[in-house]
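Down below is the structure, laid out as structure tokens.
The values are calculated or read from the model by the stated rules, or taken from the named source; none is laboratory data. Remember, predicted model here, so these are calculated numbers, not experimental data. Note that each Cβ is placed from the backbone with ideal geometry, even for glycine, and that neighbours are counted across all protein chains shown. Heads up: the accessible areas ignore ligands, DNA and RNA and are worked out on the full protein's heavy atoms, side chains in. Shrake-Rupley method; radii C 1.70, N 1.55, O 1.52, S 1.80 Å.
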Amino acid sequence: MRTIQQIPQVPVQLKRNWRSYLIDSTLGIAGALLCTAFIYVFHLYPTIPNISVIYLLLILALASTRGRYAALLAALVAVFSFDFWLVPPLYTFTISRWEEVLALIVFLVAALLTGQLAGIMRRSIQEAWRREREARILYEVGRVINSTEQLSEQLQSIALSMVRVFAPWGVQACALLLPDKQGNLVRQAEAPISIEDFVLSPSELASAKKLTGQTSLEKPLPSIAHPEEEGQILRLIPLRTPSQVLGVLCLRLKHPIPWLADDQLFHEEERRHTEWATFFWTFLDQAILVIERAHFRMQALSANEQ
């Protein structure tokens, strides 16, 4: 579906690792030392008493682009390098005049505050961008789902949207299992659409049935035995309302983000209502509402027939 491809995707959740800290440390230390070398080579201090403002420009740039850590590290290196190479007596951390000590303290406080405020502004911009993107995703998905009244087409749109939106998080395939009139779980929609169906092994189907309160394995779904790919995980999520479980969402994950792969982290994120988990469950609420409306329609039709 071309409309599905137009739905934005969630951004990849990037956690800081040692490479990020190494880059930030290099930029912070090297940037501060380069500023000090520039002042030293051209003898700008004490010719220009307020030349230390050049460090603030560096700190502001680092805080806006790399974050608070790089900015704070640059501030500390700037103070010590400025003292060592520019404040008499040179090439020592000893300061002969108390005015110089006070100036360095004021500069350090100003630099730290500048880095902190710029970091807060950067996070606020990122948060606003994230919320705007999430709102657009929910709007586009809702528009696609509600473009038809056929439940089968709505469920297929949900499955396709799930794979489209959460592919950056490792979602490779999706299936919706709903109970039929006899109460047996039946695959009602799947994505992506391909020649090979989304299949569940007997043990996986048994786990799905337990989520809906079923224990019988009669009339199982067609299943083909195939070895799991390396890094592939099956995540079963009950689609529940306050009163009942309407079905099961099956997600095939490959190299997913940590909290979506680990059971303990998954439930912790759900309880803590973190920003990522909140959006994930808000997205699932749309699927639950569609299924719940269809359930109420079927109940109303049954009551009218009687």
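Among the conditions (1) under 41 Å from the mean Cα position of the chain (by Cα); (2) surrounded by fewer than 19 Cβ atoms within 10 Å (Cβ to Cβ), the only one that residue 75 does not satisfy is (2). Taking (1) among the charged types (D, E, K, R); (2) modelled with pLDDT under 90; (3) exposed (fewer than 15 other Cβ atoms within 10 Å of the Cβ); (4) farther than 26 Å from residue 24 by Cα in turn, residue 132 satisfies each apart from (2). Looking at segment 28-53, which of the residues that are open to solvent by 40 Å² or more (accessible area, probe 1.4 Å) and among the β-branched types (Val, Ile, Thr) is nearest to residue 109 (Cα to Cα)? My answer is 53. With respect to the stated conditions, residue 25 fails to be free of Cβ contacts under 8 Å to residues at least 12 places away in the same chain and either part of a loop (DSSP other than H, G, I, E, B) or surrounded by 11 or more Cβ atoms within 10 Å (Cβ to Cβ) (or both).
Of all residues being open to solvent by less than 70 Å² (accessible area, probe 1.4 Å) and without any contact (Cβ under 8 Å) to a residue 40 or more places away in the chain in segment 104-119, which is nearest to residue 51 (Cα to Cα)? Just the residue, please.
Filtering segment 104-119 down to residues open to solvent by less than 70 Å² (accessible area, probe 1.4 Å) leaves 104, 107-108, 110-112, 114-116, 118-119.
The next check asks that each one be without any contact (Cβ under 8 Å) to a residue 40 or more places away in the chain; those that pass are 104, 108.
Numbers: 104: 12, 108: 14 Å.
Only one residue fits best here, namely 104.
Residue-level check: of (1) closer than 26 Å to residue 120 by Cα; (2) at pLDDT 90 or above, residue 82 misses just (1). Out of curiosity, is residue 36 polar (S, T, N, Q), part of a helix (DSSP H, G or I) and at negative phi? For residue 36, the condition - polar (S, T, N, Q), part of a helix (DSSP H, G or I) and at negative phi - is met.
Can you pull out the strands (runs of 3 or more DSSP E) entirely within segment 172-290 that have at least 3 residues that are modelled with pLDDT of 80 or more and under 30 Å from residue 127 (Cα atoms)? If you could, list the steps in order and put the result at the bottom.
On the way: elements: 185-191, 232-240, 245-254.
In segment 172-290, 232-240, 245-254 are the strands (runs of 3 or more DSSP E) which contain 3 or more residues that are modelled with pLDDT of 80 or more and under 30 Å from residue 127 (Cα atoms).
The listed residues are 77, 87, and the only one of them that is modelled with pLDDT of 85 or more, touching a Gly at 6+ places or on another chain (Cβ under 9 Å) and not aromatic (Phe, Trp, Tyr) turns out to be 77.
Can you find even one residue in segment 54-71 that is in contact with a helix residue (DSSP H, G or I) (Cβ under 6 Å, 6 or more places away or on another chain), part of a helix (DSSP H, G or I) and without any contact (Cβ under 8 Å) to a residue 24 or more places away in the chain? Yes, segment 54-71 has at least one match.
Filtered by the rule that a residue be hydrophobic (A, V, I, L, M, F, W, C) and surrounded by 19 or more Cβ atoms within 10 Å (Cβ to Cβ), segment 80-94 gives 82, 87.
Has segment 170-178 got at least one residue that is under 30 Å from residue 51 (Cα atoms) and buried (at least 17 other Cβ atoms within 10 Å of the Cβ)?
First pass over segment 170-178, keeping only residues under 30 Å from residue 51 (Cα atoms): none.
Within segment 170-178 (the criterion being under 30 Å from residue 51 (Cα atoms) and buried (at least 17 other Cβ atoms within 10 Å of the Cβ)), the answer is no, since none of the residues qualifies.
Candidates in segment 144-171 are the residues that are free of Cβ contacts under 8 Å to residues at least 40 places away in the same chain and in a helix (DSSP H, G or I); of these, the one that is nearest to residue 279 (Cα to Cα) is 163. Answer yes if at least one residue in segment 136-156 is of a type in the set (Ser, Thr, Tyr) and open to solvent by less than 10 Å² (accessible area, probe 1.4 Å), and no otherwise. Within segment 136-156, not a single residue is of a type in the set (Ser, Thr, Tyr) and open to solvent by less than 10 Å² (accessible area, probe 1.4 Å).
Taking the conditions exactly as written (in contact with a helix residue (DSSP H, G or I) (Cβ under 6 Å, 6 or more places away or on another chain) and under 30 Å from residue 171 (Cβ atoms)), does residue 77 satisfy them or not? Taking the combined requirement at face value, the residue does not satisfy it.
For segment 135-152, how many residues meet the condition of being among the acidic types (Asp, Glu) and at pLDDT below 90? Let's see the steps before the verdict.
We begin by selecting, within segment 135-152, every residue among the acidic types (Asp, Glu); these are 140, 149.
Checking the rest, the ones that are also at pLDDT below 90 come to 149.
Matching residues across segment 135-152 total 1.
Considering only segment 255-268, I want to know if a residue exists there that is surrounded by fewer than 14 Cβ atoms within 10 Å (Cβ to Cβ) and polar (S, T, N, Q). Spell out how you get there, then give the answer.
Step one: filter segment 255-268 for residues surrounded by fewer than 14 Cβ atoms within 10 Å (Cβ to Cβ), giving 255, 258, 263-264, 267-268.
Keeping just the survivors that are polar (S, T, N, Q) gives 264.
Checked segment 255-268: at least one residue is surrounded by fewer than 14 Cβ atoms within 10 Å (Cβ to Cβ) and polar (S, T, N, Q).
Inside segment 250-302, residues that are closer than 19 Å to residue 161 by Cα and either touching an Asp or Glu at 6+ places or on another chain (Cβ under 7 Å) or among the aromatic types (Phe, Trp, Tyr) (or both) make up a count of 7.
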